[in-house]
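Undergrad: Could you have a look at this structure, given as structure tokens, before my questions?
The values are calculated or read from the model by the stated rules, or taken from the named source; none is laboratory data. What you are looking at is a predicted structure, and each value in this text was computed from that prediction instead of being measured. Cβ atoms come from the backbone with ideal geometry, glycine included; neighbour counts cover every protein chain shown. Remember, those area values only see protein heavy atoms, side chains included, never the ligands or the DNA or RNA. Shrake-Rupley method; radii C 1.70, N 1.55, O 1.52, S 1.80 Å.
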Amino acid sequence: MSNPPDSMERIVALCRRRGFIFGSSEIYGGIGGFWDYGPLGCELKKNIKDVWWKDMVQTPPVGPNGREYQMVGVDCSIIMNPKVWEASGHVGGFADNMVSCLKDGCNKLFRADKAFILGFFDMSEIDATAGVIEEALKIAKSDPNKAHEMMAGVNRAPKYLKVVEADTFDDANRQNPFDSLPNSVRKLFKGIPAPATWPLDKPLPQSWPRVACPNCGGELSEPRSFNLMFESHTGALQNTSSKVYLRPETAQGIFVNFKNVMDSTRVKVPFGIAQVGKAFRNEITPRNFTFRSREFEQMEIEFFCNPKESRMWYEYWRDLRKNWYTSLGIKSDKLRPREQGKEELAHYSCGTTDIEYLFPFSNEPQELEGVAHRGDYDLTQHQKHSGKDLTYFDDETKERYLPHVIEPSAGADRFTLAVITEAYTVDETRASSEFMKFHPRLAPIKAAVFPLVAKDGLPEIAEPIYREIRKHYPCQFDAKQSIGKRYARMDEAGTPFCFTIDGQSKEDGTVTVRNRDDASQLRIDKSRCLQYLRDQLHL
Ligand code: GAP
């Protein structure tokens with residue numbers, strides 16, 4: 001699994017140039033961690049959300065027992081009673097460890113688990129302790145505490161140290177080989193340089209000097225906890241009693257409406273409640289384009305089931321969600337479900353599988369969605385904090401219980417980025433050299449209609465075809481520029497089919513259909529354009 005090193009930069013450039021994604025408030029210099037979707041991007045993201053809603057909520061498949069289950073939706077407010085976030089554990093525990101530069105004017109922040117100290121030992125200066133250092137560095141990734149213990153007794157420091165931001169230990173290593181260091185640093189080494197990568201959130205071995213801020217050379221703080229929720233105030237007075245939060249996840253809106261949905265509909269366990277909407281997190285280091293943003297959209301389901309069946313439903317949702325991505329064109333060798341280790345689990349979870357995708361900015365697959373077994377954590381917490389009875393009475397078995405919850409929680413922006421990455425195709429033989437192979441269900445524009453030239457009666461044949469298609473699918477009409485340039489524009493937008501009206505159309509009533517993926521062309525009768533699209537798009 002690997003990607004060409006510059007493909008992420010090329011994708012970001014194409015997104016900007018063709019109006020998929022722009023930096024937020026760009027004309028004022030932008031703002032870190034916030035993004036705007038342009039005309040093509042907002043269609044793409046809307047299609048993703050619509051397809052998710054249709055496949056998961058409106059027409060879900062049958063359950064693992066071959067029976068239908070009910071899915072309903074809610075659309076909750078972003079600002080909720082702050083007690084919700086106390087009950088959910090977000091006020092107390094939704095925090096990242098961060099390290100900051102203490103120098104005024106710099107104050108750069110690092111998320112401590114997303115930054116690493118990179119050190120290089122000079123092997124010509126290493127004595128009998130070399131073996132211990134080597135061993136400790138080998139286990140620093142899997143067992144940093146043990147490595148720290150081993151290094152504590154070694155009176156040796158790396159000759160050169162710097163802080164690098166990276167998602168994983170391996171990425172930090174890979175992106176920072178010795179020969180990427182400036183000449184002036186490399187000259188200091190007499191022997192072979194031995195690289196040492198150390199997590200920033202673990203105390204440094206005593207023998208190592210304190211590491212300086214890579215931005216300004218200033219002193220760095222110890223790691224400290226930083227709550228990720230954005231705060232605001234309701235009403236005119238700004239005091240502690242008016243403090244509110246922008247929701248950091250859509251899930252809690254679902255939990256606090258569990259009783260409302262039960263009382264106002266005829267749903268029976270097992271059933272799911274879904275919500276698509278904005279979430280906000282004051283991420284310390286937003287990066288990798290839209291992958292980690294401060295404002296993003298989630299597509300979440302809380303699926304309520306009998307505790308005795310919760311394992312079965314957990315496995316069902318884990319497999320269903322992974323297959324959903326594959327069905328939308330995400331290649332299986334870039335997609336992997338990964339069961340989280342016990343030490344990674346969120347405070348509420350008794351089992352989580354991350355569905356991960358190999359983005360071009362990392363050599364390790366990264367989380368697209370988490371499918372979590374939340375047990376009865378949330379309903380228990382809200383029952384306790386609100387004083388309301390949230391138990392469910394099962395008419396058939398005559399049991400009363402708090403349902404267990406399986407939560408498939410996906411990010412609309414992360415999946416949009418994965419779709420863009422996956423669709424991005426380089427073909428130097430084409431006029432555009434880059435094109436987007438979007439799955440037809442997701443493509444922002446489904447078809448284009450081109451008169452070969454804007455005269456000789458060709459536009460008069462093309463326009464009715466365009467008008468007919470437009471009633472059903474997003475379609476564009478273009479009569480300007482060379483036909484090659486028009487195809488190139490549609491290829492970059494990821495439009496699956498282009499219909500071209502040429503001289504022959506006047507004689508025999510046929511038009512050409514060009515397929516985006518292989519640029520092949522065939523002729524069909526002009527009356528069949530809409531039906532042809534219907535057959536090919538399978539929408
Ligand atoms: N309710 C559970 C929950 O929110 P999460 O793993 O924190 O779990 C779920 O978030 C999904 O939301 C992630 O898998 C990811 O797709 C998306 N997400 C989380 N933080 C994000 C961020 N800062 N930027 C973009 N997407 C994010």
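Undergrad: Of ASN47, VAL57, VAL185, which is farthest along the charge dipole of the chain in the positive direction, counting Lys and Arg as +1 and Asp and Glu as -1 at C-beta?
TA: Comparing the listed Cα positions along the dipole, ASN47 ranks first.
Undergrad: Follow-up. Can you compute the label reach from LYS138? Point 7 Å from Cα along the Cβ direction, backbone N cut-off under 18 Å, restricted to the stretch 181-206.
TA: The answer is 194-198.
Undergrad: Using amide H atoms built 1.01 Å from N in the peptide plane, name the residues 5+ places from THR352, or on other chains, whose amide H lies under 5 Å from its own.
TA: GLN340, HIS373
Undergrad: Might you report the magnitude of the Cβ-based charge dipole of the chain about its Cα centre, with Lys and Arg at +1 and Asp and Glu at -1, to the nearest 20 debye?
TA: 820
Undergrad: Placing unit charges on C-beta atoms (Lys and Arg positive, Asp and Glu negative, everything else neutral), compute the dipole magnitude of the stretch 55-181 about its Cα centre in debye, rounded to 20.
TA: 240
Undergrad: Using alpha carbons only, how many angstrom separate the centre of the stretch 422-441 from the centre of the stretch 234-271?
TA: Answer, in whole Å: 42.
Undergrad: Averaged per residue, what accessible area in Å² does the stretch 25-110 show with a 1.4 Å probe, protein chains only?
TA: Heavy-atom SASA per residue in the stretch 25-110 reads 54 Å².
Undergrad: Return one number: the angle in degrees, 0 to 90 and rounded to the nearest 10, between the long axis of the Cα atoms of helix 377-386 and the longest principal axis of the Cα atoms of the chain.
TA: That helix lies at roughly 80 degrees to the long axis.
Undergrad: Roughly speaking, what is the centre-to-centre gap between the stretch 88-107 and the stretch 339-368 when only Cα atoms are used, to the nearest Å?
TA: 22
Undergrad: Here's something else I'd like to know. Would you mind checking the tilt of helix 458-470 against the longest principal axis of the Cα atoms of the chain, expressed as 0 to 90 degrees and rounded to 10?
TA: 60
Undergrad: Every cysteine in the chain with no other Cys Cβ under 4.7 Å from its Cβ, please list them in numeric order.
TA: Those would be CYS15, CYS42, CYS76, CYS305, CYS350, CYS475, CYS498, CYS529, since no other cysteine Cβ in the chain comes under 4.7 Å of theirs.
Undergrad: Round to the nearest 10 and give me the degree value, 0 to 90, for the angle of helix 39-53's Cα axis relative to the longest principal axis of the chain.
TA: 80
Undergrad: Can you bin every Cα-Cα distance in the chain into 20 Å intervals starting at zero and give me the percent of pairs per bin, rounded to whole numbers?
TA: Result, from short to long distances: 18, 43, 31, 8, 0 percent.
Undergrad: Something else now. Leaving out ligands, DNA and RNA, and with a 1.4 Å probe, what % of the accessible surface on the chain is carbon or sulfur?
TA: The nonpolar share, carbon plus sulfur, comes to 49 percent.
Undergrad: A further question follows. Give me the number: length gained by fully extending ASP6 to THR234, i.e. 0.36 nm times residue separation minus the C-alpha to C-alpha distance, one decimal in nm.
TA: 77.5 nm
Undergrad: Taking every DSSP beta bridge that has both residues in the chain, what percent is antiparallel when rounded to the nearest 5?
TA: Details: 78 of 90 bridges.
Expressed as a percentage, antiparallel bridges in the chain total about 85.
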